[in-house]
Amino acid sequence: MNSILSISLAAILVAPAADATPASAGLEDAEAVLAHIRAHPGDVALVTRGISHNADRLAPVASGIKIIHLAAYVDALRRGRVEPGERVPTALWNAYHVPGTDGGAHEKALKRLKAGVSVTLDQLVSAMIEESDNAAADLLRDRIGPGELRRIAQTRVGTINGEILRAFGGCTLSADACLKRYVKTGRQVSPALPDFTRQAAWAETVIRVEPGVLRRVLAGLRKDKVAGRHLEWPMRQPGADPATLRIGTKGGALPGVISEAMYTVRPGEKPRETVLVLHRLPEATWYSGMRSYAHQEFIVRLTTDPAFFAKVRAALE
């Protein structure tokens with residue numbers, strides 16, 4: 001597995017409460033992902049040049065939705081509504097964090113940025129993309145305005161941590177109101193999480209967007225320097241060779257859901273944007289995919305290997 005890909009999955013992850021990890025099952029490599037797609041076409045969305053499978057059906061994309069947040073940020077920069085150097089108090093950022101629900105993304109982002117009293121808005125965006133920090137995404141959504149995200153996504157883009165607080169944190173208000181109250185109190189709470197099955201059922205109902213829309217937004221971001229700098233962060237990692245293959249990506253995961261929105265650029269070829277969503281994954285299959293990053297290998301093969309592309313397209317005809 002390419003070392004760049006093995007670290008580029010940035011997940012929204014509500015950690016299952018189970019103590020034991022199920023045995024690996026089903027998503028070990030790109031061929032296994034293809035076999036899963038053949039067997040479960042109704043639980044898959046795949047949109048790329050030459051393939052449009054379930055492109056117009058709302059699908060749960062987990063942290064893949066942060067492509068929309070990034071597009072709203074880029075648009076706000078163009079319109080002069082925000083500045084990349086705008087200071088964001090770290091205490092405010094922390095107030096949006098719901099511990100134990102993001103796979104440690106928030107803590108990793110604070111460490112990488114060496115956050116002091118404040119960070120810049122652009123650093124906050126980097127935490128949203130690189131570590132996939134949910135708190136950063138929700139704070140950015142409030143800063144820019146939910147209506148701007150809705151305009152880009154062509155559907156409502158909810159608050160991520162608000163949905164978590166509403167589902168598992170005992171809040172009976174709307175998701176937006178739950179998060180607003182949580183931030184105002186300034187007291188972090190770790191929700192008591194149910195088993196995988198209940199989390200997976202919830203994951204099917206939230207953070208949904210049409211994969212075709214997500215791909216179109218990604219195509220626009222590929223041409224933007226600011227967005228490219230954020231999405232192409234894996235190219236700054238050891239082993240990256242942008243002269244051979246340039247990747248910009250944002251992945252996501254919730255129990256039962258794995259998604260990836262990726263563009264690939266190779267010399268002498270047209271760039272390709274791809275969105276893949278696997279959902280309603282059984283627990284063991286989901287764990288397998290989370291360990292293997294096979295969905296990313298699948299996308300790279302799909303976009304660089306014509307024979308493999310033909311096999312995938314035939315499987316979905």
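Every number in this text was worked out from the coordinates using simple rules, so none of it is lab data. Computed from a predicted structure; not experimentally measured. Cβ: placed from backbone, ideal geometry, glycine included. Neighbour counts: every protein chain shown.
Take each of the peptides 224-234, 107-117, average the number of other beta-carbon atoms within 10 Å over its residues, and list them starting from the highest.
Working: 224-234: 18.9, 107-117: 14.4.
Going from most to least packed, we get 224-234, 107-117.
In square nanometres and to one decimal, what's the mean projected area of the convex hull around the Cα atoms of region 124-222? Before the final figure, lay out the partial values.
On the way: hull surface 28.8 nm².
For region 124-222, the mean projected area of the Cα convex hull comes to 7.2 nm².
Return the FRET efficiency for the residue pair Thr172, Glu31: r is the Cβ-Cβ distance, R0 is 35 Å, and the value is rounded to the nearest 0.05.
Details: r = 46 Å, r/R0 = 1.32.
Once the sixth-power term is evaluated, E becomes 0.15.
For the chain, the Cα gyration tensor yields ellipsoid semi-axes of 29, 23, 18 Å (square root of five times each eigenvalue, largest first, whole Å). Comparing Tyr293, Ile129, Val257 along the charge dipole axis of the chain, the residue lying farthest to the positive side is Ile129, per the Cβ-charge model.
Based on other C-beta atoms within 10 Å, arrange Met235, Met262 from fewest to most. Provide the component values of the computation, followed by the final result.
Details: Met235 19, Met262 27.
The fewest-first ordering by Cβ neighbours comes to Met235, Met262.
When the helices of the chain are scored as -39500 (n - 2.57) per DSSP H run of n ≥ 4 and the total is divided over every residue, the value at 222 nm lands at -13000 deg cm²/dmol.
For Gln237 and Val189 in one chain, what is 0.36 nm times their gap in residues minus the Cα-Cα distance, to one decimal in nm?
Working: separation 48, 0.36 × 48 = 17.28 nm, distance 3.39 nm.
Taking 0.36 nm per residue and subtracting the Cα distance, the gain is 13.9 nm.
Take Ile51, Ile68 and order them by how many other Cβ atoms sit within 10 Å, fewest up front.
Ranking Ile51, Ile68 by Cβ neighbours within 10 Å, fewest first, gives Ile51, Ile68.
Summing Lys, Arg as +1 and Asp, Glu as -1, what charge do residues with Cβ under 15 Å from the Cβ of Val117 carry, Val117 excluded?
Details: positive: Arg87, Lys114; negative: Glu86.
Net of charged neighbours comes to +1.
Within a Cβ distance under 13 Å of Lys108, other residues only, what is the Lys/Arg minus Asp/Glu net charge? Before the final figure, lay out each step's value.
Working: positive: Lys111, Arg112, Lys114; negative: Asp102, Glu107, Glu130, Glu131, Asp133.
For residues surrounding Lys108, the net value is -2.
Across region 269-276, rounded Karplus estimates of 3J(HN,Hα) from the backbone phi angles (6.51 cos²θ - 1.76 cosθ + 1.60, θ = phi - 60°) give 10, 5, x, 9, 10, 9, 10, 10 Hz, Gly and Pro being marked x.
A simple rule links phi to the HN-Hα coupling: the Karplus curve 6.51 cos²θ - 1.76 cosθ + 1.60 with θ = phi - 60°, which for region 181-196 gives 5, 4, 5, 5, 6, x, 10, 6, 10, 9, x, 7, 8, x, 6, 4 Hz, with x for Gly and Pro. Ordered from longest to shortest, the equivalent ellipsoid semi-axes for region 66-193 are 22, 18, 12 Å, each the square root of 5 times a Cα gyration tensor eigenvalue.
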